[in-house]
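Student: A single structure is presented below for examination.
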Amino acid sequence: MKEGDILGHEFMGEVVEVGSAITSISRGDRVIVPFPIACGDCWYCQEGLWALCDNSNPNSWMLEKLYGDTGAGIFGYSHLYGGYAGGQAEYVRVPFADTGLEKVPAELGDEKVLFLTDILPTGYQAAENCNIRKGDTVAVWGCGPVGLLAMKCAWHLGAGKVFAIDRFPERLEMARINCKAETLNYEETDITEALHNMTGGRGPDSCIDAVGMEAQGTGFEAAYDTVKQTLHLENDRPIALRQLIKACRKGGTISVPGVYSGFVDKMPMGAIFAKGLTLRAGQTHVQKYLRPLMRLIETGEIDSSFLITHRMSLNDAPMGYELFDRKQDGCVKIVLRPQGTSQTVH
């Protein structure tokens, strides 16, 4: 990131101007904006791998140098992913608008559809990547917005039991009440042992890491990662990911919607191999899920608006960041709305 960068890649609004080549969108349309920017024409877009678009990231060379290949441009998500200005502003320029924008039916309110721009498709893809069979047990690490929606989507895809792992009581309560999950506080119990005991000694069929690079933990392992990261010997803290690998049943699936940025240490690759685990990860191909999930919202089968704990003006965004970062006031999800406009961002 650089000073002056505009954040926010989860936003919607009203179209005020269109380019001369745009044919599917008009002024006045109310639209949602997927966070990955996709051209719609390259091989990856044609294969439905929208977040891996070859043509939307002008800084692709940075990712190629770091990861060996590139990904799509992303709104408000660092210069590795194009340096695009994000949605926390009064006006936003949307490239490839014919591919990127999706009109919203008039009968659906903003808060019903806003999370289609990121976290609802992310939660759905995380659950879909588990290849859930009817009656499967799914464990989700992290009861933030993505984790909670992954639980909702796991039930929709046929899960028979869902476990939620976190340490914040209000988030665990939301998982229990809104997502029908059995909850575990990792500060109070050995998660791997507890999950095996609760599944007849086998472990969950699928485990979802909705935490990512900033995982917290307890004991020596957490201290080890903190020291390594402080000394710049490790980019990310994979505490949750290690737990997933140990807890998952043999032949099970690990799904990783949580973001990792670089290198991690002490990964139990032997367990992945010996247990025959499948690992699936990556940015969300939001455009793939927009219309199917819109239909589920219209029919009332999925409602993500329960996540919203705070509503603020765009001018109050700095206070919102502080609340969320410090996990204060029961903050899970904040909706920001500029004064005098219909645009909504988080």
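The values are calculated or read from the model by the stated rules, or taken from the named source; none is laboratory data. These figures come from a predicted structure and were not determined experimentally. Using ideal geometry, Cβ is built from the backbone for each residue, glycine included, and neighbour counts are taken over all protein chains shown. Protein only, heavy atoms only, side chains kept; ligands, DNA and RNA dropped before computing areas. Shrake-Rupley method; radii C 1.70, N 1.55, O 1.52, S 1.80 Å.
Student: Looking at the range 243-268 only, could you name the residues that are within 13 Å of L279 (Cβ to Cβ), of a type in the set (G, A, S) and either more than 18 Å from the chain's Cα centre (by Cα) or assigned to a loop (DSSP other than H, G, I, E, B) (or both)?
Tutor: Passing the criteria: G251, G252, G258.
Student: Of the residues D236, D265, which is farther than 21 Å from L149 by Cα, open to solvent by less than 10 Å² (accessible area, probe 1.4 Å) and in contact with an Asp or Glu (Cβ under 8 Å, 6 or more places away or on another chain)?
Tutor: D236
Student: Same structure, new question: Any idea how many residues of the range 161-182 are of a type outside the set (D, E, K, R) and surrounded by fewer than 18 Cβ atoms within 10 Å (Cβ to Cβ)?
Tutor: Looking only at that region, the number is 4.
Student: Let me ask something else about it. So, restricting to helices (runs of 4 or more DSSP H) that lie completely within the range 101-202, which ones have at least 2 residues that are among the small types (G, A, S)?
Tutor: 119-128, 145-156
Student: Collect the residues in the range 139-186 that are within 18 Å of M198 (Cα to Cα) and touching a Pro at 6+ places or on another chain (Cβ under 6 Å), keeping them in residue-number order.
Tutor: If the condition is that a residue be within 18 Å of M198 (Cα to Cα) and touching a Pro at 6+ places or on another chain (Cβ under 6 Å), then A139 is the only one that fits.
Student: Would you point out which residue out of A127, A164, A181, A215 is at pLDDT below 95, touching a Leu at 6+ places or on another chain (Cβ under 9 Å) and under 23 Å from R280 (Cα atoms)?
Tutor: Among A127, A164, A181, A215, only A215 is at pLDDT below 95, touching a Leu at 6+ places or on another chain (Cβ under 9 Å) and under 23 Å from R280 (Cα atoms).
Student: Which members of the range 215-233 meet the condition of being assigned to a loop (DSSP other than H, G, I, E, B), free of Cβ contacts under 8 Å to residues at least 40 places away in the same chain and open to solvent by 50 Å² or more (accessible area, probe 1.4 Å)?
Tutor: Of everything in the range 215-233, those that are assigned to a loop (DSSP other than H, G, I, E, B), free of Cβ contacts under 8 Å to residues at least 40 places away in the same chain and open to solvent by 50 Å² or more (accessible area, probe 1.4 Å) turn out to be T218, L231, H232, L233.
Student: Between a first residue in the range 246-270 that is farther than 25 Å from M198 by Cα and a second residue that is in a loop (DSSP other than H, G, I, E, B) and charged (D, E, K, R), which pairs have beta carbons less than 7 Å apart while being 6 or more apart in sequence or on different chains?
Tutor: Within 7 Å, the pairs are Y260/D236; S261/D236; G262/D236; F263/E234; V264/E234; V264/D236; D265/E234.
Student: I'm checking my understanding of the structure. Among residues of the range 1-41 that are in contact with a Lys or Arg (Cβ under 7 Å, 6 or more places away or on another chain) and not in a strand (DSSP E or B), which one is most open to solvent (accessible area, probe 1.4 Å)?
Tutor: For the range 1-41, the residue satisfying everything is E17.
Student: In the range 116-134, what count of residues is obtained for those that are in contact with a strand residue (DSSP E or B) (Cβ under 8 Å, 6 or more places away or on another chain) and open to solvent by 10 Å² or more (accessible area, probe 1.4 Å)?
Tutor: 3
Student: If you take the residues in the range 60-77 that are open to solvent by 30 Å² or more (accessible area, probe 1.4 Å) and part of a loop (DSSP other than H, G, I, E, B), which one is farthest from L336 (Cα to Cα)?
Tutor: The extreme case among them is G68.
Student: From the set of residues in the range 269-311 that are basic (K, R) and in a helix (DSSP H, G or I), which is least open to solvent (accessible area, probe 1.4 Å)?
Tutor: That would be K275.
Student: Got a number for residues in the range 261-281 being at pLDDT 95 or above and touching a strand residue (DSSP E or B) at 6+ places or on another chain (Cβ under 9 Å)?
Tutor: Summing the residues that are at pLDDT 95 or above and touching a strand residue (DSSP E or B) at 6+ places or on another chain (Cβ under 9 Å) in the range 261-281 gives 6.
Student: Would a scan of the range 226-236 turn up a residue that is out of contact with any helix residue (DSSP H, G or I) (no Cβ under 7 Å at 6 or more places or on another chain), among the acidic types (D, E), more than 20 Å from A175 (Cβ to Cβ) and at pLDDT below 95?
Tutor: Checking the range 226-236: at least one residue is out of contact with any helix residue (DSSP H, G or I) (no Cβ under 7 Å at 6 or more places or on another chain), among the acidic types (D, E), more than 20 Å from A175 (Cβ to Cβ) and at pLDDT below 95.
Student: Could you tell me whether K152 is open to solvent by 10 Å² or more (accessible area, probe 1.4 Å) and in contact with a helix residue (DSSP H, G or I) (Cβ under 6 Å, 6 or more places away or on another chain)?
Tutor: Yes.
Quick grid of which residues meet (1) under 21 Å from G142 (Cα atoms); (2) surrounded by 19 or more Cβ atoms within 10 Å (Cβ to Cβ); (3) in contact with a Phe, Trp or Tyr (Cβ under 6 Å, 6 or more places away or on another chain):
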position	(1), (2), (3)
G200	no, no, no
M213	yes, no, yes
R242	yes, yes, no
G252	yes, yes, no
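Student: What pairs come up if the first residue lies in the range 272-290 and is closer than 13 Å to T117 by Cα, the second is among the aromatic types (F, W, Y) and open to solvent by 40 Å² or more (accessible area, probe 1.4 Å), and their beta carbons are under 7 Å apart, counting only those six or more places apart or on different chains?
Tutor: Hits for this filter: H285/W50; V286/W50; Q287/W50; K288/W50.
Student: Same structure again: If you check every pair at least six apart or on different chains, which have Cβ atoms under 6 Å apart with a residue in the range 309-330 that is over 18 Å from E90 (Cβ atoms) first and a residue that is open to solvent by 50 Å² or more (accessible area, probe 1.4 Å) and assigned to a helix (DSSP H, G or I) second?
Tutor: Cβ pairs passing all conditions: G330/E170.
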